[in-house]
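Scroll down for the structure; my scribbles are underneath it.
The values are calculated or read from the model by the stated rules, or taken from the named source; none is laboratory data. Bear in mind the structure is a predicted one, so any value in this text is a computation, not a measurement. No Cβ is skipped: glycine too gets one built from the backbone with ideal geometry, and neighbour counts run over all protein chains shown.
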Amino acid sequence: MKYGVCMKEQLRSGLMGLTLPIVALLVLTTNQFAGAADGNEWTVILKAQQLKRAFQYKGSQLNKVVKVDVVYRPSLSDNEPKEYESLWCNDGKPIGMQRKGFLGLERGKLLHINVEQKGHTDEENRAIAFALMHFSLQAYHRFCPIITISVPDQTFDDICDALRRRGCEDYAQEVETGHGGSVMFNMQSFPSRNARRLYFRNPNGSDD
């Protein structure tokens with residue numbers, strides 16, 4: 001299944017009223033670790049927290065809700081991250097989104113994504129996996145490559161597994177062909193800096 005089609009189905013199943021551009025992402029990767037952003041490099045932060053009591057009422061089936069706040073810092077001069085959007089997932093499936101600000105991301109900027117977690121739970125891991133795939137669409141729409149995705153050591157393997165369950169596969173560096181049109185995720189753990197590359201296969205090798 002194509003990446004765009006897969007994301008469209010996932011969004012449609014959880015966010016009935018949400019319309020997003022469905023495109024594929026070709027992420028450029030390097031061996032650089034996510035560091036401080038300069039004028040051409042932005043830092044995007046995904047802050048995940050499980051909401052254990054927010055939806056606890058009689059008859060509610062929303063018992064695994066996680067909120068993921070997406071904020072960004074365009075440069076070192078910005079001491080406080082700017083709010084962009086919040087996502088809500090229940091058991092890894094999207095149930096809501098709130099746009100909080102304008103993402104003034106210019107074409108061609110380089111992005112580093114840092115993941116922050118409150119509880120390091122399985123529910124958070126699944127929500128983060130969705131948020132990573134969701135934000136990658138917006139990065140592609142602005143022609144902005146995601147250079148690195150920095151994930152806490154405690155949940156590095158679990159988040160990679162959550163991406164695999166969404167259709168990603170491990171990237172074999174010795175096989176340089178056959179990945180045309182694939183979505184790349186250059187994962188790195190923090191602080192140990194273990195690296196792993198995942199990709200979402202597009203069987204037709206195209207960008208749509």
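Which residue pairs have Cβ atoms closer than 9 Å, lie 6 or more positions apart in sequence or on different chains, and pair a first residue in region 37-63 that is farther than 23 Å from residue 84 by Cβ and surrounded by 12 or more Cβ atoms within 10 Å (Cβ to Cβ) with a second residue that is modelled with pLDDT of 90 or more and of a type in the set (Lys, Arg)?
So the pair list comes out empty.
Taking region 38-78 on its own, how many of its residues are charged (D, E, K, R), at pLDDT 95 or above and more than 24 Å from residue 108 (Cα to Cα)?
2
Looking at residue 169 and the list (1) part of a strand (DSSP E or B); (2) modelled with pLDDT of 95 or more, which single condition is not satisfied?
With (1) part of a strand (DSSP E or B); (2) modelled with pLDDT of 95 or more applied to residue 169, the lone miss is (2).
Of all the residues that make up region 140-161, how many are under 14 Å from the mean Cα position of the chain (by Cα), assigned to a helix (DSSP H, G or I) and either within 13 Å of residue 42 (Cα to Cα) or of a type outside the set (Asp, Glu) (or both)?
Residues that pass the stated criteria total 4.
Within region 85-107, which residues are free of Cβ contacts under 8 Å to residues at least 40 places away in the same chain and either in a loop (DSSP other than H, G, I, E, B) or not polar (S, T, N, Q) (or both)?
85, 88, 91, 99, 100, 101, 102, 103, 104, 106, 107 - these are the residues of region 85-107 that are free of Cβ contacts under 8 Å to residues at least 40 places away in the same chain and either in a loop (DSSP other than H, G, I, E, B) or not polar (S, T, N, Q) (or both).
Quick one: which of 128, 146, 159 is in contact with a helix residue (DSSP H, G or I) (Cβ under 9 Å, 6 or more places away or on another chain), more than 13 Å from residue 48 (Cβ to Cβ) and either buried (at least 21 other Cβ atoms within 10 Å of the Cβ) or among the hydroxyl-bearing types (Ser, Thr, Tyr) (or both)?
Exactly one residue qualifies, and that residue is 146.
Run down 201, 193 and say which single residue is under 15 Å from residue 136 (Cβ atoms), modelled with pLDDT under 95 and surrounded by fewer than 21 Cβ atoms within 10 Å (Cβ to Cβ).
None of the other options fit; the residue is 201.
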